[in-house]
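Below is a structure I'd like to ask you about.
The values are calculated or read from the model by the stated rules, or taken from the named source; none is laboratory data. Keep in mind it's a predicted model, so treat the numbers as computed, not measured. Cβ sites come from the backbone with ideal geometry, for glycine too, and all protein chains shown count toward neighbours.
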Amino acid sequence: MAKKQAGEIIFKMTDPAKAALIRTIIAFENAAQDVIQLLAEAHGLDLASKQPFGKLLTRGNNLWKGVLPGGWAYQFHGGSCSFENNITGQFLDVAINKGSYNAIDDYFLYRFIETTKTLEQELNAIGDRHNFSKLMAQLENETFITNIGDGFFPVRILNHALLNR
């Protein structure tokens, strides 16, 4: 799968913190695709099937958690799968029940940013969790991200159509 890139609109944004946050969301989407593909290859999953993770979700066969090549430990929980790299410490939590793997949860996205060494500059621009939350709300108000969750548990996706204009 082709890696997602930042659209021209990011480069025209006047707020460097918002632009940094969008770049981190794109980095998360790419990392999520990579670990899901690794998981699929390791367990012979057909990601195009209706329930590709069915055999991994049951606790009876003990496949709901494990370690993948490259040091990635995984564990399914609820409608997501957590991945943590035992070598780099990078963490990401990927929603598996939203029809794609690019749904972002605020808490887990910030944790991804904090644990991804290549996003250090973006983290400095974004700031602490409080500022991160304000930026997420602003990006949603500006329709750069869309809430596909509910009021109590927001789950967002990046509006790539807007970014690629």
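Please work out which residue is surrounded by the fewest Cβ atoms within 10 Å (Cβ to Cβ), limiting yourself to the range 81-126 and to residues that are touching an Asp or Glu at 6+ places or on another chain (Cβ under 7 Å) and over 30 Å from GLN51 (Cβ atoms).
LEU123
Read through the list (1) touching a helix residue (DSSP H, G or I) at 6+ places or on another chain (Cβ under 6 Å); (2) over 17 Å from LEU135 (Cβ atoms); (3) not in a loop (DSSP other than H, G, I, E, B), then give the number of the only condition that LEU47 fails.
Tallying (1) touching a helix residue (DSSP H, G or I) at 6+ places or on another chain (Cβ under 6 Å); (2) over 17 Å from LEU135 (Cβ atoms); (3) not in a loop (DSSP other than H, G, I, E, B), LEU47 fails exactly one: (3).
Could you list all residues from the range 109-126 that are in contact with a helix residue (DSSP H, G or I) (Cβ under 9 Å, 6 or more places away or on another chain) and within 27 Å of ASP150 (Cβ to Cβ)?
Across the range 109-126, the qualifying residues are LEU109, TYR110, PHE112, ILE113, GLU114, ILE126.
Ok, one more. Return the total of residues in the range 113-165 being among the β-branched types (Val, Ile, Thr), over 19 Å from ALA95 (Cα atoms) and not in a loop (DSSP other than H, G, I, E, B).
Looking only at that region, the number is 2.
Only residues in the range 121-132 that are over 12 Å from THR24 (Cα atoms) count as the first member; pair them with residues that are in a helix (DSSP H, G or I) and at pLDDT 95 or above, Cβ under 6 angstrom, at least 6 apart or cross-chain, and list the lot.
So the pair list comes out as ARG129/TYR110.
If THR58 passes every condition in (1) β-branched (Val, Ile, Thr); (2) at pLDDT 95 or above; (3) surrounded by fewer than 18 Cβ atoms within 10 Å (Cβ to Cβ) but one, which one does it miss?
Against the list (1) β-branched (Val, Ile, Thr); (2) at pLDDT 95 or above; (3) surrounded by fewer than 18 Cβ atoms within 10 Å (Cβ to Cβ), THR58 comes up short only on (2).
Cβ-Cβ under 7 Å, sequence separation 6+ or interchain: first residue in the range 86-111 and assigned to a strand (DSSP E or B), partner of a type in the set (A, V, I, L, M) and at pLDDT 95 or above. Which pairs?
Filtered contacts from the range 86-111: LEU92/ALA31; LEU92/ALA32; LEU92/VAL35; VAL94/ALA32; VAL94/VAL35; VAL94/ILE36; ILE104/ILE25.
Checking the conditions here, which among ALA48, ALA6, ALA27 is of a type in the set (A, V, I, L, M, F, W, C) and modelled with pLDDT of 95 or more? Give the derivation first.
Details: ALA48 fails: modelled with pLDDT of 95 or more; ALA6 fails: modelled with pLDDT of 95 or more.
Selected residue: ALA27, the only one of ALA48, ALA6, ALA27 that is of a type in the set (A, V, I, L, M, F, W, C) and modelled with pLDDT of 95 or more.
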